[in-house]
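Reviewing the structure listed below.
The values are calculated or read from the model by the stated rules, or taken from the named source; none is laboratory data. Computed from a predicted structure; not experimentally measured. All Cβ positions, glycine included, derive from the backbone under ideal geometry; neighbour counts span all protein chains shown.
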Amino acid sequence: MRTKGTAEQAFRRGRSYHEQGDYGWAIFAYTEAVWLKPDWAEAYFVRGDAYRRMGDLDKAIADLTEAIRLKPDYAGAYCVRAAAYLRTGETDKAIGDYTEAIRLKPDWAEAYNIRGDVCVSKGEMDRAICDFTEAIRLKPDYAEAYYNRGDVYVGKGDLDKAIADYNIAIRPKPDHAGAYYIRGAVYASKGEMDRAICDFTEAIRLKPDHAEAYYKRGAVYVSKGEMDRAIADYTEAIRLKPDDAEAYCNRGAVYASKGDLDKAILQAGRRLSQQGRPGQGDCRLQHSYPAQAGLRRSVLQPGPCLSQQGRQKQSRR
């Protein structure tokens, strides 16, 4: 009994370190627990997770595999090992582990959502939609699954379904700037410019330093012919993100459309400077520069927020 108690004390000590983010000391304590109680699956599991968080993926996978050997129905261990496999680039193994976790725990909405994300990374969009849909069925208020499915619909060109999903995702968290920004970009892609402006404006209200929202709203203003507002938005985007070469280029294009060629040329030079490309560039601002057409494209093309691989999820959180 003393050995068991000592193992449990070491385990609890490790958990305390773990929760504080001190993974090195957590591993030290878990190792003591495993030494005292070698058949303790949960101790291997938490030590494996600590190794994963420290980036020692081989040791993480070894511990998680041992946890699964000791406890074959350990759904959580399959999920964490899958996360480790993702970081080693072994996506097929990751999908296999998520699938096993789902088999063991069929009502685990989060596992479906994560597996759907992995399917997206492999380009398996229909399979991803099925997983996100199942996650939503199991957890109807699962905002992240709605966002993820909406992103896939955007990639497939089904913008109405994407907006429907974003609408639902926004309801439980109406103060989420990133959500309005993403929906605004989709509205712009549909040509619904007034709605796009409303969403970009709300994103800016909620997050005043959202440079990309200013940039996108500026492009929408250009499409509506509101050049002074476009210049104001591009100027604010540049103030917030001074290395944004495209914002300089687009502001220069607006100046060119207004006949202010000196300012237009200055913006082109700044853009080239930001890109580190002295001399000729692709932002040539001449009297006949098709400013509005080029800028319309800049808002109608899906940006990083609308591609599944680079959609910058952290902007939503």
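At a glance:
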quantity: Tally, over region 170-210, of residues that are aliphatic (A, V, I, L, M), surrounded by fewer than 24 Cβ atoms within 10 Å (Cβ to Cβ) and at pLDDT 95 or above; calculated: 4
quantity: Those residues of region 193-244 which are of a type in the set (G, A, S) and under 27 Å from Y166 (Cα atoms), in sequence order; calculated: A196, A203, A211, A213, G218, A219, S223, A230, A237
quantity: Which listed residue, of R229, R217, R239, is closer than 26 Å to A143 by Cα, at pLDDT 95 or above and not β-branched (V, I, T); calculated: R217
quantity: Members of region 170-185 that are part of a loop (DSSP other than H, G, I, E, B) and more than 15 Å from the chain's Cα centre (by Cα); calculated: R171, P172, K173, P174, D175
quantity: Every pair of residues 6+ apart whose Cβ atoms lie under 9 Å, when the first sits in region 152-179 and is among the basic types (K, R) while the second is part of a loop (DSSP other than H, G, I, E, B) and modelled with pLDDT of 90 or more; calculated: R171/D141
quantity: Yes/no for A164 being of a type outside the set (S, T, Y), closer than 23 Å to I204 by Cβ and not in a loop (DSSP other than H, G, I, E, B); calculated: no
quantity: Residue among Y78, Y44, Y98 that alone is farther than 25 Å from R127 by Cβ, of a type in the set (S, T, Y) and modelled with pLDDT of 95 or more; calculated: Y44
quantity: Selection count, region 145-158, where residues are under 16 Å from the mean Cα position of the chain (by Cα) and either of a type in the set (A, V, I, L, M, F, W, C) or surrounded by fewer than 17 Cβ atoms within 10 Å (Cβ to Cβ) (or both); calculated: 3
quantity: Complete set of residues in region 152-161 that are part of a helix (DSSP H, G or I) and either touching a Lys or Arg at 6+ places or on another chain (Cβ under 9 Å) or not small (G, A, S) (or both); calculated: V152, Y153, V154, L159, D160, K161
quantity: Filter result for the condition that a residue is over 22 Å from R205 (Cβ atoms), touching a residue at least 12 places away in the same chain (Cβ under 8 Å) and either in contact with an Asp or Glu (Cβ under 9 Å, 6 or more places away or on another chain) or part of a helix (DSSP H, G or I) (or both), over A188, A135; calculated: A135
quantity: Restricting region 159-169 to residues that are hydrophobic (A, V, I, L, M, F, W, C) and under 17 Å from the mean Cα position of the chain (by Cα), the residue that is modelled with the lowest pLDDT; calculated: A169
